[in-house]
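Student: First, the structure itself, so that you have it in front of you.
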């Protein structure tokens, strides 16, 4: 698999996702935000975590309009895989690739902690390595992760099975306590209609080694690599 | 001749924080009346913050050398060799005064400043820590300050992209008018790619890099060198504003430029901005510096030479480049969207010459600005000795179980989760031990090595006995690193004290320094960088003497480490180290008996080293993976923290007959560790300990869901955790 990791000024978790992809067996190329094209043969585009352009405006608002994003939109329109994590999810929402928006956390503070997610479905390129309904132990680190959308959008996401992950307890129960940022319907990540674009607030890339907290995040990257191989 | 438009009156001199005799010395040095710009420059260089004029003669006594020390105090940060061609570069610095006036920006720029100190030397920052002290919880300002400082530290570090992995938070009425915000940064560089501030070569270009210069922070360093009064909030305009995004770009651009081989010398513009950075580069290299301020990128129009020289705008750097490499360097900075301007050159005149709008605004001898700063041997008196409190003389006002439950939920001992969850402690994917343990552990690159990091001091000990308190601060940092399996290598010290002009507080400073020096020497734990913050007082009320110690240790194999959490049922619990039941200055005496008094526990450095070396060897040989040192709250609090972290209870059955139980459980005797091991190997460990004279005794066994102290009602771990986790969130929500 060939992954292109987009680097915006202010991206800061690109190294973390590069490590996770490398461990899963992907080739990786970093792509600077001012580029107009993706490397030839790119299977997966990754928008990493961070504070693109400082995020002094709405998070992801400037990055969503960066030069490189035209190429990313074209890649997605061709059915190419796109993964946006944290700031990357915010950028996907701002770029029109995913619906809704990430508001400030309900407690108005940045929060960094371990977090269980319920895997809603395991028939997508991102989640084949997991079981449906499995609770995976990853982490969050964000100030604006409160997923918000209008009623119609929510209805469509739920009706078409486009919710990827929900905040849950260790047993996969979706509880109010587990939803610390206040997201609607406890949504932690969503897919595009064709299931080729995934945006998520939590960081699977930080849970890929036993020494550093655990390995529940690996499944996502392994799913992507095996999907690309099969394709 | 230099034109002099502004009359230099005694009032103007006083406003610049210079004493009349200091001003006279300056006039004598330059042989004429200074210009306003020159007065500004000397006030920036000769204030306490930049010149160390009250502390310098005492700091000379600190041990700063070891075979692994590459660079001791005097540069932007200290540098130690950690093997494999890698160096660890680290320093801690205070931002107390600005944080009290404007907590978010004060704390944020404190983090920004210390990160810059580290990457100025060529290191990529890999971890950040902090040491925070606030006033009493009931003080009306405290919640606002806690909220702003924590958000500011998080806001800067999270965006910059460095994990904030450790720290210390505490409360005391003596910080009501003067909080402490000390930030520590740790970075990695190759030992052959370290950059220094010393300029070389005549006629080389001096380059300004980073953000533009504005009017923020003018006289910041002078403010940091004065005591506070009720009007201090009027000083808000002197607090700088941080831009972590610009700093992140500056980091990437600087590291890229350093790789290109264009950099001869580099200095960040921190306290006293352009003045201090330019003077230091020239003075260290025995060179003159000539600057043309017309070339300085400014954010505001009409800035005067005086304002540009004293601005403390953030995220700026000064470099001396190899001639002919300007274009290459400029291209790198423009790629990152940062300003780049050649603003001057090195000269052979040893003069510091400032030109603006075709006129010379300052022409000063550069060496003397630094070297001839006043040095004071200020009068000091030794702190009065406190009586030793006999364990038997302290009556227990409640049961031990009640006391423990109260302590785990008290402001100083409660969980600081509310604080550290606002810091991204997981970014970079190398955090092996997260906040909440004895020391944080971060993996070095992809391993196998790791660094153990901690910040420590017990201010009430320092107040009661500066010498023993200074020793204890170093010993505790050493102990915390040891408790996770690290070999302690070096420290950075952040010496927060009250006014040096009062002999009592000067005496505290002198005593603490002696204690720090003694412990550093005995434990092979040299000081490689540091910062002195004096005048921490408001309306004549000084802070507790608080020499915060930032310690760094090395794990050769980061996968072999220990943590505080109980991990298995039926492990034997062993106490390492001797217990006399020392209650003087203990948390028990203060928070349970309402008495903050007595002599603090002495630190026997020989025992300290022997006990610690023993514990570290147990961890490194794979025999022990569960260790916690005994500090505030003594043995009982250590046990409770181990139970809470592991969700496993314990039954304590053994205790000495000759001590009151509360003195045994809550005494703060030093040099002690609690370990938990497979019951089968406990006897071996006791035997090994006995063979080298390390006191070791089995106290009980892990298991169950409650902590059971001898003869006491069981306390469920759930109940302990509820009390431990509740206080700070409730307090910040206005409920406690």
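The values are calculated or read from the model by the stated rules, or taken from the named source; none is laboratory data. Computed from a prediction, not measured in an experiment: that's the story for all the values here. When we count neighbours, we look across all protein chains shown, and the Cβ atoms used for this are built from the backbone with ideal geometry, even at glycine.
Student: In segment B:168-190, how many are over 17 Å from residue B:109 (Cβ atoms) and either out of contact with any strand residue (DSSP E or B) (no Cβ under 7 Å at 6 or more places or on another chain) or away from chain A (no Cβ under 14 Å) (or both)?
Tutor: 15
Student: Tell me, yes or no, whether segment B:512-535 has at least one residue that is surrounded by fewer than 19 Cβ atoms within 10 Å (Cβ to Cβ) and touching a strand residue (DSSP E or B) at 6+ places or on another chain (Cβ under 9 Å).
Tutor: Yes.
Student: Taking the condition surrounded by 24 or more Cβ atoms within 10 Å (Cβ to Cβ), over 14 Å from residue B:181 (Cα atoms), modelled with pLDDT of 95 or more and within 14 Å of chain A (Cβ to nearest Cβ), does residue B:163 pass?
Tutor: Yes, satisfied.
Student: Continuing with this model, one more query. Which of the residues belonging to segment B:287-302 are surrounded by fewer than 20 Cβ atoms within 10 Å (Cβ to Cβ) and assigned to a loop (DSSP other than H, G, I, E, B)?
Tutor: Hits for segment B:287-302 are B:297, B:299, B:300, B:301, B:302.
Student: Ok, one more. Answer yes or no: is there a residue in segment A:186-204 that is modelled with pLDDT of 95 or more, within 14 Å of chain B (Cβ to nearest Cβ) and not in a loop (DSSP other than H, G, I, E, B).
Tutor: yes
Student: Quick one: how many residues across segment A:135-161 are surrounded by 22 or more Cβ atoms within 10 Å (Cβ to Cβ), more than 14 Å from chain B (Cβ to nearest Cβ) and within 16 Å of residue A:100 (Cβ to Cβ)?
Tutor: The qualifying residues number 3.
Student: Do we find that residue A:208 is touching a residue at least 40 places away in the same chain (Cβ under 8 Å), within 14 Å of another protein chain (Cβ to nearest Cβ) and in contact with a helix residue (DSSP H, G or I) (Cβ under 6 Å, 6 or more places away or on another chain) in this structure?
Tutor: Taking the combined requirement at face value, the residue satisfies it.
Student: Same structure, new question: Please go through (1) touching a residue at least 40 places away in the same chain (Cβ under 8 Å); (2) touching a helix residue (DSSP H, G or I) at 6+ places or on another chain (Cβ under 6 Å); (3) exposed (fewer than 14 other Cβ atoms within 10 Å of the Cβ) for residue B:6 and return the number of the only condition it doesn't satisfy.
Tutor: Here residue B:6 meets the rest and fails (1).
Student: Just checking, how many residues over segment A:217-231 are buried (at least 21 other Cβ atoms within 10 Å of the Cβ) and within 14 Å of chain B (Cβ to nearest Cβ)?
Tutor: Qualifying residue count, segment A:217-231: 2.
Student: Go through segment B:343-368 and report how many residues are in contact with a helix residue (DSSP H, G or I) (Cβ under 9 Å, 6 or more places away or on another chain) and assigned to a loop (DSSP other than H, G, I, E, B).
Tutor: 4
Student: Evaluate the following for residue A:175: is it farther than 16 Å from residue A:98 by Cα, within 14 Å of chain B (Cβ to nearest Cβ), touching a strand residue (DSSP E or B) at 6+ places or on another chain (Cβ under 8 Å) and surrounded by fewer than 21 Cβ atoms within 10 Å (Cβ to Cβ)?
Tutor: No.
Student: Hey, could you check segment A:81-108 for residues that are out of contact with any strand residue (DSSP E or B) (no Cβ under 7 Å at 6 or more places or on another chain) and surrounded by fewer than 19 Cβ atoms within 10 Å (Cβ to Cβ) and say which is farthest from the other protein chains (Cβ to nearest Cβ)?
Tutor: In this case the residue turns out to be A:96.
Student: Which residues, counting only those in segment B:77-91, are closer than 11 Å to residue B:530 by Cβ and either out of contact with any helix residue (DSSP H, G or I) (no Cβ under 7 Å at 6 or more places or on another chain) or surrounded by fewer than 19 Cβ atoms within 10 Å (Cβ to Cβ) (or both)?
Tutor: B:78
Student: Among the residues of segment B:445-463, count how many are touching a residue at least 60 places away in the same chain (Cβ under 8 Å), surrounded by fewer than 24 Cβ atoms within 10 Å (Cβ to Cβ) and over 19 Å from the mean Cα position of the chain (by Cα).
Tutor: 4
Student: So for segment A:29-48 (the condition being under 19 Å from residue A:202 (Cα atoms) and within 11 Å of chain B (Cβ to nearest Cβ)), does at least one residue qualify?
Tutor: yes
Student: Might you let me know whether segment B:60-76 holds any residue that is surrounded by 19 or more Cβ atoms within 10 Å (Cβ to Cβ), under 30 Å from residue B:306 (Cβ atoms) and either touching a helix residue (DSSP H, G or I) at 6+ places or on another chain (Cβ under 6 Å) or at pLDDT 95 or above (or both)?
Tutor: yes
Student: Taking segment B:434-444 as the search range and keeping residues that are surrounded by fewer than 24 Cβ atoms within 10 Å (Cβ to Cβ) and farther than 27 Å from residue B:544 by Cβ, which one is farthest from the other protein chains (Cβ to nearest Cβ)?
Tutor: B:444
Student: Go through (1) within 14 Å of chain A (Cβ to nearest Cβ); (2) in a strand (DSSP E or B); (3) in contact with a helix residue (DSSP H, G or I) (Cβ under 6 Å, 6 or more places away or on another chain) one by one and return the number of the condition residue B:429 breaks.
Tutor: (2)
Student: Then there is this: Being under 15 Å from residue B:455 (Cβ atoms) and touching a helix residue (DSSP H, G or I) at 6+ places or on another chain (Cβ under 8 Å) is true for just one of B:179, B:153. Which residue is that?
Tutor: Residue meeting the stated conditions: B:153.
Student: Considering only residues that are part of a loop (DSSP other than H, G, I, E, B) and away from every other protein chain (no Cβ under 12 Å), look in segment B:445-460 and name the one that is nearest to residue A:212 (Cα to Cα).
Tutor: Filtering segment B:445-460 for residues that are part of a loop (DSSP other than H, G, I, E, B) and away from every other protein chain (no Cβ under 12 Å), the one nearest to residue A:212 (Cα to Cα) comes out as B:449.
Student: With respect to residue B:371, is the statement that it is at pLDDT 95 or above, out of contact with any helix residue (DSSP H, G or I) (no Cβ under 6 Å at 6 or more places or on another chain) and surrounded by fewer than 17 Cβ atoms within 10 Å (Cβ to Cβ) true?
Tutor: no
Student: Residues to consider are B:636, B:663, B:640, B:676; find the one that is touching a residue at least 12 places away in the same chain (Cβ under 8 Å), crowded, with 22+ Cβ neighbours inside 10 Å and assigned to a strand (DSSP E or B).
Tutor: Result: B:676 is the single residue among B:636, B:663, B:640, B:676 that is touching a residue at least 12 places away in the same chain (Cβ under 8 Å), crowded, with 22+ Cβ neighbours inside 10 Å and assigned to a strand (DSSP E or B).
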